[in-house]
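Reading through the structure tokens given below for one structure.
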Amino acid sequence: MLIIGEKLSIIAKRVREAMLKKDKGPIQEIATRQWKEGSGMIDANIGPAEDGGEELMQWMVTTIQEIVPLPICLDTTNAKAIEAGLKIHNNQWGRPLINSTSNDPERFPILELAAKYNSQVIGLTVGKGGLPADAEERAAIAAEIMARAMEYGVPLEDLYLDPLVLQIATSQDHARKVIEALKMFREMNDPPMKTVVGLSNISNGCPKHVRPILNKYYFIMLMNAGLTAAIADAHEMAEAMQEKNVIDDVLSGKKIDDSKKMAEITKTIDVIMGKTLYAHSYLEM
């Protein structure tokens, strides 16, 4: 399982301020912590970066790789910024990953960059028409992205399919559909396709104390469905792996001695699978 450290995002106030000031300190501190907590790659999310994106991405890549011997996930919708980052990426630490192409024609050029720079790339299973309705639509979009990747000269082993995790607070039924889509993706190629999710999207908008619970249990459920990579908090994922045997026991219908933990896991699984409606207070209900 590849954990792509998620903490260097322009959405976070501290990171955004560091990017604006070109202050290496916070960026390198966060990147180092993610590395030591178990990340195998660092996500550098600079947002749309319409102005100065090329310079910013290059600054982020060099700032991170100065002290952390890991490859970078180049996370932006700015294709020029992606190429700028690819040009100076230190491949000694591993091959970069582009986040992302999709079924939107505007994102097709990303595959050209992946082929040109021998980069890995994420294929987000969404198109110009909007969000996929179910697992079957995600699989259909995935098949089109796979075919297009081969047309552009990107080997399928360099493509990560992303089934698009949505907020459980507003799109509860999609939590289960993503699990179903992952299982379908595994059947679409031999060897099975690599897969990735933006894990914390599941808990976006949820109360602070609920977020790590949803993240960890959903991660184990996705992992059991065949997930191979996650853009996530490495510390949370390490905790999830420590609890995996207990979570798997509950998933299989077994009872565990810790009744409080049993209730927490059971209630969270039921919400993820749509057996009960999500509410911010679901753990107390």
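Worth a mention:
- Note on segment 145-249: along the principal axes its Cα atoms extend 46, 30, 22 Å, ordered by decreasing extent.
- In the chain, helical runs assigned H by DSSP with n ≥ 4 each contribute -39500 (n - 2.57); averaged across all residues and rounded to the nearest 500, the mean residue ellipticity at 222 nm is -14000 deg cm²/dmol.
- Near the amide H of MET273, within less than 5 Å, lie no amide hydrogens of residues on another chain or at least 5 residues away, with H placed in the peptide plane.
- Sparse packing (at most 10 other Cβ atoms within 10 Å of the Cβ) combined with a DSSP loop state is found for the following trypsin sites (Lys or Arg not before Pro) in segment 167-265: LYS208, LYS254, LYS255.
- Backbone geometry of segment 43-55 corresponds, through the Karplus equation with coefficients 6.51, -1.76 and 1.60 at θ = phi - 60°, to 3J(HN,Hα) couplings of 7, 10, 9, 9, x, x, 6, 5, 10, x, x, 5, 5 Hz, x marking Gly and Pro.
- Residues in the chain average 45 Å² of solvent-accessible surface per residue, probe 1.4 Å, ligands and nucleic acids excluded.
- Applied to segment 24-32, the Karplus parametrisation 6.51 cos²θ - 1.76 cosθ + 1.60 on θ = phi - 60° returns per-residue 3J(HN,Hα) values of 5, x, x, 5, 6, 5, 5, 5, 5 Hz, with x for Gly and Pro.
- In the complete set of protein chains, residue-level accessible area for GLU37 is approximately 60 Å², probe 1.4 angstrom.
- These residues, ARG107, ARG14, go from largest to smallest accessible area, 1.4 Å probe, as ARG14, ARG107.
- Taking the charge dipole of the chain about its Cα centre, with +1 at Lys and Arg Cβ atoms and -1 at Asp and Glu Cβ atoms, the residue from ASN78, LEU164, ASN204 reaching farthest to the positive side is ASN204.
- Per atom type, segment 78-128 shows carbon and sulfur on 49% of its accessible surface, probed at 1.4 Å.
- The chain, relative contact order in percent, only Cα pairs under 8 angstrom and at least six apart counted: 16 percent
- Inter-part distance, segment 33-93 to segment 201-280, computed on C-alpha centroids, equals 30 Å.
- Amide H to amide H, with H built 1.01 Å from N, LEU124 comes under 5 Å of THR101, SER102, ASP162, counting only residues 5 or more places away or on other chains.
- Cβ charges +1 (Lys, Arg) and -1 (Asp, Glu), total dipole of segment 1-139, debye: 420 debye
The values are calculated or read from the model by the stated rules, or taken from the named source; none is laboratory data. What you see is a predicted model; the values in this text were computed from it and never measured. Glycine gets a Cβ as well: all are built from the backbone with ideal geometry, and neighbour counts include every protein chain shown. For accessibility, only protein heavy atoms count, side chains too; no ligands or nucleic acids. Shrake-Rupley method; radii C 1.70, N 1.55, O 1.52, S 1.80 Å.
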